[in-house]
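Novice: Attaching a single structure in structure tokens format; questions to follow.
Values in this text are rule-based calculations from the coordinates and carry no lab data. It should be emphasised that the depicted structure is a prediction, and the values quoted were computed from it without experimental measurement. Backbone-built Cβ (ideal geometry, glycine too); neighbour counts: all protein chains shown.
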Amino acid sequence: MRLQLIRRRLLRTPVPVLLSTVLLVSSCTSVKTTSSGAIGLDRTQLMSPFVSEQQLAAGANQAYATVLREQQAKGALNSDSALTQRVRAIARRIVPQVDAFRADAQRWDWQVNVIESEQLNAWAMPGGKIAFYTGIINKLQLTDPEIAAIMGHEIAHALREHSRERASEAATLQLLVGIGGSLAGIGANAQAMAQLAYNSTFAMKNSRLHETEADRVGVELMARAGYDPRSAISVWQKMAKVSGSRSTPEFLSTHPSPETRIADLTKYAALVMPLYKQAPKAPT
């Protein structure tokens, strides 16, 4: 349907406008957001000039602050101080390891908060804005290494700028479908960018490729932080049981099948085991 719509719009578009649009779309650049790390991640990503890293990070700051205000008003923000400190202590071990993939991420304003909710979910916005829901920790009875596996996965999404990549795809599609309108309006104001950051976290689901990349980067981050990377396997074994017993949790939407994911994690956990063996071990 989308391709048919684009085709019809293209046929009705004046040549000068069409040429301008082609130039705008072709101005997307291929970038490598992270170093390869020990896992050998080398894929380049196509990014739109209308969705810069700085703009999306600024939008994420605003969107994250809004989420925190809403949860604070409901009394659901960091309501369990012991659990909050536990999650933040794990983050303090993992965040210093981001140098393995991108040194500039050390300068991000990392924030970690825990939201009281039955949802089995956790997420990270661009620029290091992280949230864990109590449901995923309590219902799955996660150990610290298992929390580290999920946190490493979410941090990986931020390092790889998967939100920006998805937003770039959406921006390019908007340009093609909306030919003849305001071609550069997507990044026109801070509120629009905050909405884009929010949507790219919650509405635009990660692809299976993004999920696989985040798994692989995540096991390396946790291994470097002193957490046994094999714990990532047990996380998804637990999640597979949950998804098999009722409707798929939000955290698993668009993810690879549990069997595929566990097989891939087993391979990459073994690959980064030397890093874990060399790292100072996390307290248990």
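Novice: Show me, for the range 122-131, the HN-Hα J-couplings you get by feeding each phi into the Karplus relation (A = 6.51, B = -1.76, C = 1.60, θ = phi - 60°), rounded to Hz, glycine and proline as x.
Specialist: For the range 122-131, the Karplus-derived couplings read 7, 7, 9, 8, x, x, x, 9, 10, 9 Hz, x marking Gly and Pro.
Novice: Could you give the length gained on full extension between Q62 and R92, defined as 0.36 nm per residue of separation minus the Cα-Cα distance, in nm? Numbers along the way, then the final one.
Specialist: On the way: separation 30, 0.36 × 30 = 10.80 nm, distance 2.32 nm.
Result: 8.5 nm gained on full extension.
Novice: Of the listed peptides 105-113, 215-223, what is their order by residue-averaged count of other C-beta atoms within 10 Å, with the highest listed first?
Specialist: 215-223, 105-113
Novice: Under 5 Å between amide H atoms, partner at least 5 residues away or on a different chain: which partners does S79 have, H built in plane at 1.01 Å?
Specialist: E116
Novice: Also, quick follow-up: Stretch T29-K281 to full length: gain in nm at 0.36 nm per residue minus the Cα-Cα span?
Specialist: 86.7 nm
Novice: Could I ask something else about it? Would you mind calculating the gained length between A270 and Q54 on full extension (0.36 nm times residue separation, minus the Cα-Cα distance), in nm to one decimal?
Specialist: On the way: separation 216, 0.36 × 216 = 77.76 nm, distance 3.56 nm.
Extra length from A270 to Q54 when fully extended: 74.2 nm.
Novice: May I pose another question? Per-residue counts of other Cβ atoms within 10 Å, averaged by peptide: what ranking do you get for 124-136, 257-269, 70-82, 146-158, highest first?
Specialist: Averaged packing, sorted descending, gives the order 146-158, 124-136, 257-269, 70-82.
Novice: Cross-link list K129/K281; K238/K267; K32/K74; K32/K267; K32/K139: which exceed 29 angstrom alpha carbon to alpha carbon?
Specialist: On the way: K129/K281 25 Å; K238/K267 18 Å; K32/K74 40 Å; K32/K267 24 Å; K32/K139 37 Å.
Violating the 29 Å limit, Cα to Cα: K32/K74; K32/K139.
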